[in-house]
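Here's the structure, in structure tokens; my notes come after.
The values are calculated or read from the model by the stated rules, or taken from the named source; none is laboratory data. In this text the structure is predicted, and so the values were computed from the model without any measurement. Cβ: placed from backbone, ideal geometry, glycine included. Neighbour counts: every protein chain shown.
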Amino acid sequence: MIIEEPNGELDVKLIDFNVSRRFRDEDTCTKYLMQTNTGAAAFTAPEVNNREKYNEKIDIWGVGTVFYYTLFGQRPFPQTTSAEL
């Protein structure tokens, strides 16, 4: 998410850096867990920041942090690095 204030007006842009992966093998339909650490630490689920295995449900955390930021104009947690979070 990029937030700018050109000319005093709030401009919010949701972006995707195309970091995605399937949680299910297309051929065998086997589900598996991820371990890749991607995304901005301030908006990333605790499982990712703690380098634990995770599934697609972490996206709900990300959406929640974006909603919080949109509603209140600040991050839900003031820390900015994985170590601080």
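Got a number for residues in segment 45-80 being under 25 Å from LEU10 (Cβ atoms), of a type in the set (Phe, Trp, Tyr) and modelled with pLDDT under 85?
So the count comes out to 1.
Determine whether ALA42 is at pLDDT below 85, hydrophobic (A, V, I, L, M, F, W, C) and either outside any loop (DSSP other than H, G, I, E, B) or within 28 Å of LEU10 (Cβ to Cβ) (or both). Walk me through how you get there before you give the answer.
Details: at pLDDT below 85: yes; hydrophobic (A, V, I, L, M, F, W, C): yes; either outside any loop (DSSP other than H, G, I, E, B) or within 28 Å of LEU10 (Cβ to Cβ) (or both): yes.
Yes; evaluated as a whole, the condition is true for this residue.
Whether any residue in segment 8-28 is surrounded by fewer than 12 Cβ atoms within 10 Å (Cβ to Cβ), in a helix (DSSP H, G or I) and at pLDDT below 85 is what I want to check.
yes
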